[in-house]
1. Return the carbon/sulfur percentage of the accessible area of the chain, one whole number, probe 1.4 Å, all protein chains in place.
2. Going 7 Å from the Cα of VAL18 in the Cα-to-Cβ direction, what parts of the range 40-54 have a backbone nitrogen less than 15 Å from that spot?
3. To two decimal places, what compactness ratio does the range 15-60 give when its Cα radius of gyration is scaled by 2.2 N^0.38 Å?
4. Report, in deg cm²/dmol and to the nearest 500, the calculated mean residue ellipticity at 222 nm for the chain, where each DSSP H run with n ≥ 4 adds -39500 (n - 2.57) and the sum is divided by the residue count.
5. Tell me the net charge near ARG24. Cut-off is 13 Å between Cβ atoms, ARG24 excluded, with +1 for each Lys or Arg and -1 for each Asp or Glu.
Amino acid sequence: MAAVLRDQDEAMAQGAVVHHLDRRAAQPLTDAEFTVWAHIMAAVIGDRDYLARRLGEWTC
C-alpha cells in the first residue's frame with residue numbers, strides 16, 4: 001500500500017487506497033484481524049487527512 005501512495009498522481013493513489021479500504025471494510029469488522037489491519041493501515045496512511053478520515057469511518 002505504501003508503494004501505491006508514492007504514485008505521482010496523488011488523486012489516483014488515494015483513490016486506489018480508498019477502494020482497498022472500502023473493500024476490506026465490507027468484510028466483518030469485529031474480528032481481531034480487522035483491528036490489526038486497521039492499525040497497520042493507519043501507520044501507512046500517516047498524515048493524509050482524507051485517507052485517515054475514511055479509515056476512521058470504518059473503525060468508529
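The values are calculated or read from the model by the stated rules, or taken from the named source; none is laboratory data. Being a predicted model, the structure only gives us computed values, none of them experimental. When we count neighbours, we look across all protein chains shown, and the Cβ atoms used for this are built from the backbone with ideal geometry, even at glycine. SASA here: full protein model, heavy atoms, side chains in, ligands and nucleic acids out. Shrake-Rupley method; radii C 1.70, N 1.55, O 1.52, S 1.80 Å.
1. On the way: 2370 of 4160 Å².
Ligands and nucleic acids excluded, carbon and sulfur give 57 percent.
2. Output list for this probe position: 48-54.
3. Values: Rg = 9.7 Å, N = 46, 2.2 N^0.38 = 9.4 Å.
Scaled against compact globular proteins, the figure is 1.03.
4. Working: 4 runs with 45 residues, N = 60.
It comes out at -23000 deg cm²/dmol, rounded to the nearest 500.
5. Details: positive: ARG23, ARG54; negative: ASP22, ASP31, GLU33, GLU57.
Local charge sum for ARG24: -2.
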